[in-house]
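For reference, the structure discussed in these notes is given below.
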Amino acid sequence: MNPAALGEVILSVHLVVIAFNVLGLIAIPLGAARGWRWVRIRWWRLLHIASWAVVALQAMLGRACFLTLWQDQLTGASGEPLIMRWVNGLIYWPLPIWVFGAMYLVLFALVIALWWLVPANPRPSSAPR
């Protein structure tokens with residue numbers, strides 16, 4: 001696979017991670033209010049917290065997302081297909097890294113608060129003997 005194509009794959013994965021993180025922030029409180037049981041699935045909630053923890057840790061270290069860095073190494077700024085430039089413009093904002101750090105830390109705090117406000121179901125217990 002050539003580097004540009006691999007860069008597009010990484011961009012696609014990055015978009016899925018962003019959607020998972022953002023939609024989770026919406027789905028958890030909405031699902032709790034509407035009685036959706038899936039928003040309390042423990043492994044899903046732990047994955048959501050872990051994903052946000054990675055984002056927040058990178059922000060605290062003042063680093064860009066490793067997916068962003070990897071994509072940039074593979075594709076560079078020039079020669080990107082039109083759709084890739086459009087998507088990059090949508091998700092990569094020209095702001096100082098500290099702005100993202102502050103924003104991601106606040107959102108991670110919200111994810112942690114949602115863990116307590118909308119608790120995940122406890123692990124299934126073993127069958128009685």
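Annotations
- As for region 33-47, it holds no residue that is at pLDDT 95 or above, within 25 Å of Val99 (Cα to Cα), part of a helix (DSSP H, G or I) and in contact with a helix residue (DSSP H, G or I) (Cβ under 7 Å, 6 or more places away or on another chain).
- When region 31-54 is filtered for residues that are surrounded by 12 or more Cβ atoms within 10 Å (Cβ to Cβ) and hydrophobic (A, V, I, L, M, F, W, C), the ones remaining, listed by number, are Ala32, Trp36, Val39, Ile41, Trp44, Leu46, Leu47, Ile49, Trp52, Ala53, Val54.
- Test: residue in region 97-112 that is at pLDDT 95 or above, under 19 Å from Val17 (Cβ atoms) and aromatic (Phe, Trp, Tyr): yes
- Test: residue in region 64-72 that is assigned to a helix (DSSP H, G or I), in contact with a Phe, Trp or Tyr (Cβ under 8 Å, 6 or more places away or on another chain) and not hydroxyl-bearing (Ser, Thr, Tyr): no
The values are calculated or read from the model by the stated rules, or taken from the named source; none is laboratory data. Computed from a predicted structure; not experimentally measured. Note: ideal-geometry Cβ built from the backbone for every residue, glycine included; neighbour counts use all protein chains shown.
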